[in-house]
Amino acid sequence: MWTQDMFGVEKPIIALLHLDALPGDPGYCGDMKTVTEHARKDLLALQDGGVDGILFANEFSLPYQPVADIAVVSAMAYIIGKLKDEISVPFGVNVVKNPIATIDLGAATGAKFGRSCFSGAYMGEYGVYVSNSGEAIRHRKALGIEDMKLLFKVNPEADAYLVQRDVQVVAKSIMFGDFADGLCVSGAAAGAEPDDVILSRVHEVARPRQVPVFCNTGCNHANVREKLKNCDGVCMGTAFKKDGVFNGRVDRERVREFMEIVADIRKGL
């Protein structure tokens, strides 16, 4: 799989770097220097702890927007640009709920991958929104960044498809045409564990096509051995924070302890 080439390991661990609230967000502290310094400290803690990749996400741009403010996307690009020389692992981007902006941000920053709801029609607390994979794939091509891998969310956390379908049908539909580079399986919210049966069923149909499947939320020190039996990698953020609290800062020792477990798992592969 391409993940082996990009990250240099089997079953890579991609750490979410949750950026603080940004300009225009209700929770913004009013000082980009502070936001950037928090991001730097989290970045170094994650890298020192041994993660295989970093995913920059505006997780605290609450409440989320179906169309992100230009100020938010610009601030993300600014922060990544300021930290670029200190990033030592492959990195990706995710403008929450904004697939086209995610691709734009990837083009501007040189991200190796992007994660978003690149397809599907959903309903949740933020209303109804529709993602057009045809638009997303063509936009990536128009920007000349076909090498940027796109990780498609199979079941976005906290939202539901307007019409429920079997998860294997959804996964096969997303992969049709071979444009989806990866599939992400989520729990009911950030930090919530996905159902092992759902994870396994998506992996079952993706494996023959060499499309990696990621446990997208809820992986932690206690369940990682079980999760990695049914997927090809992990995207995680909350479990790396102090006391495993969503709005905390990254705890370097928690990262190290987790990656030691992963190293042991890889010995048996």
Check your understanding: Do any residues in region 253-265 that are farther than 13 Å from Ala239 by Cβ have Cβ atoms under 9 Å from those of residues that are in a helix (DSSP H, G or I) and open to solvent by less than 40 Å² (accessible area, probe 1.4 Å), where the two are at least six apart or on different chains, and which pairs are they?
Key -> Ile265/Val224
**Study point:** Extreme residue, surrounded by the most Cβ atoms within 10 Å (Cβ to Cβ), among residues of region 214-249 that are in contact with a Gly (Cβ under 7 Å, 6 or more places away or on another chain) and closer than 24 Å to Gln168 by Cβ
**Key:** Phe214
Point to revise | Hey, Met1 modelled with pLDDT of 95 or more, open to solvent by 30 Å² or more (accessible area, probe 1.4 Å) and of a type outside the set (S, T, N, Q) or not | key: no
Exercise for review: Starting from region 191-206, take each residue that is at positive phi and touching a residue at least 40 places away in the same chain (Cβ under 8 Å) and list its partners that are aliphatic (A, V, I, L, M) and open to solvent by less than 50 Å² (accessible area, probe 1.4 Å), counting only C-beta distances under 9 angstrom and pairs at least six apart or across chains.
Suggested key: Gly191/Met236; Gly191/Ala239
**Study point:** Scope region 181-201; condition more than 17 Å from the chain's Cα centre (by Cα) and not charged (D, E, K, R); matching residues
**Key:** Val197, Ile198, Ser200
Practice item. Those residues that are in contact (Cβ under 8 Å) with a residue 40 or more places away in the chain and not aliphatic (A, V, I, L, M), I need them from region 126-153; list them, please. Key: Tyr126, Gly127, Tyr129, Ser133, Lys149, Lys153
Check your understanding: Residues of region 31-40 being within 15 Å of Gly81 (Cα to Cα) and either open to solvent by 10 Å² or more (accessible area, probe 1.4 Å) or over 18 Å from the mean Cα position of the chain (by Cα) (or both), which ones?
Key -> Met32, Lys33, Val35, Thr36, Glu37, His38, Arg40
Check your understanding: Where in region 153-269 are there helices (runs of 4 or more DSSP H), lying wholly inside it, with at least 3 residues that are under 25 Å from Ala45 (Cα atoms)?
Key -> 224-227, 252-267
Review point. Out of region 85-123, which residues are touching a strand residue (DSSP E or B) at 6+ places or on another chain (Cβ under 9 Å), open to solvent by 30 Å² or more (accessible area, probe 1.4 Å) and of a type in the set (D, E, K, R)?
Key: Lys97, Lys112
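The values are calculated or read from the model by the stated rules, or taken from the named source; none is laboratory data. Given the structure is predicted, the values throughout are model-derived calculations rather than measurements. Every residue, glycine among them, receives a Cβ derived from its backbone with ideal geometry; neighbour counts consider all protein chains shown. Only protein heavy atoms, including side chains, enter the accessible area calculation; ligands, DNA and RNA are left aside. Shrake-Rupley method; radii C 1.70, N 1.55, O 1.52, S 1.80 Å.
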